[in-house]
Amino acid sequence: MNQIFNWKIKTFSQLNTDELYDFLKLRIDVFVVEQTCYYSDLDDLDRDPNTRHVFAYDGDVIVAYCRVLAPNVVYDNESAIGRVIVSDAYRGHGLANKLMALAIEQTQQLWPEQTCHISAQQYLEGFYQSLGFETLGDMYLEDGIPHIAMRRSA
């Protein structure tokens with residue numbers, strides 16, 4: 001896959017309606033439909049003025065997305081990365097690495113003194129460890145899917 005992807009990092013107020021629609025649809029298509037995980041995706045964290053939306057397009061198709069959350073929004077004194085997603089048709093081509101690299105870069109630029117916390121699907125533990133995250137405990141179920149808490153040093 002040698003495409004050149006159009007990567008974007010925006011706050012909620014910088015998003016246009018198509019971008020918002022595209023990433024919400026991608027999140028629903030994967031988390032709700034593909035993973036049969038029925039939960040309320042709209043939790044108001046997307047609109048927090050410090051949240052950064054990191055996403056990529058291949059032409060006019062969104063292919064990857066995550067959100068970066070400020071310290072004290074979800075975890076005390078820690079930033080967070082969540083809703084990490086790559087479209088099914090684009091998995092296995094390194095997009096998750098690029099997506100996470102950009103997200104981690106945001107946490108380091110915006111909150112350089114804070115650790116970063118993620119709630120990772122357990123089967124991706126090795127992937128996140130390769131990015132510098134350390135496992136913080138035992139597996140737990142989140143929306144019926146095995147997850148683990150992980151942290152990356154500042």
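Since every read-out is calculated from the coordinates, none of them should be taken as a lab result. What you see is a predicted model; the values in this text were computed from it and never measured. Every residue, glycine as well, gets a Cβ built from its backbone with ideal geometry; the counts of neighbours run over all protein chains shown.
A few points about this structure:
- Max mean-square fluctuation residue, GNM over the chain, Cα-Cα springs under 10 Å, options ASP76, ASP44, ASP60: ASP44
- Gaussian network model of the chain, springs between alpha carbon atoms under 10 Å - residue of LEU42, LEU24, LEU131 with greatest fluctuation: LEU42
- Computing Cα Rg over 2.2 N^0.38 Å directly from the structure and comparing it against (i) 1.30; (ii) 1.04; (iii) 0.99 singles out (iii).
- Applying the criteria of a DSSP loop state and at most 13 other Cβ atoms within 10 Å to the GluC sites (Glu not before Pro) of the stretch 103-152 yields GLU113.
- Chymotrypsin sites (Phe, Trp or Tyr not before Pro) restricted to the stretch 1-98 and DSSP loop, no more than 13 other C-beta within 10 Å: TYR38, TYR39
- Cα→Cβ-extended label distance, 7 Å offset, between ALA89 and PHE12, nm: 3.0
- Listed values for the stretch 89-97 are Karplus-derived 3J(HN,Hα) couplings in whole Hz (6.51 cos²θ - 1.76 cosθ + 1.60, θ = phi - 60°), namely 5, 10, 6, x, 10, x, 5, 5, 4, and x replaces Gly and Pro.
- Here the contact order of the chain, divided by its residue count and restricted to Cα pairs under 8 Å and six or more residues apart, works out to 18 percent.
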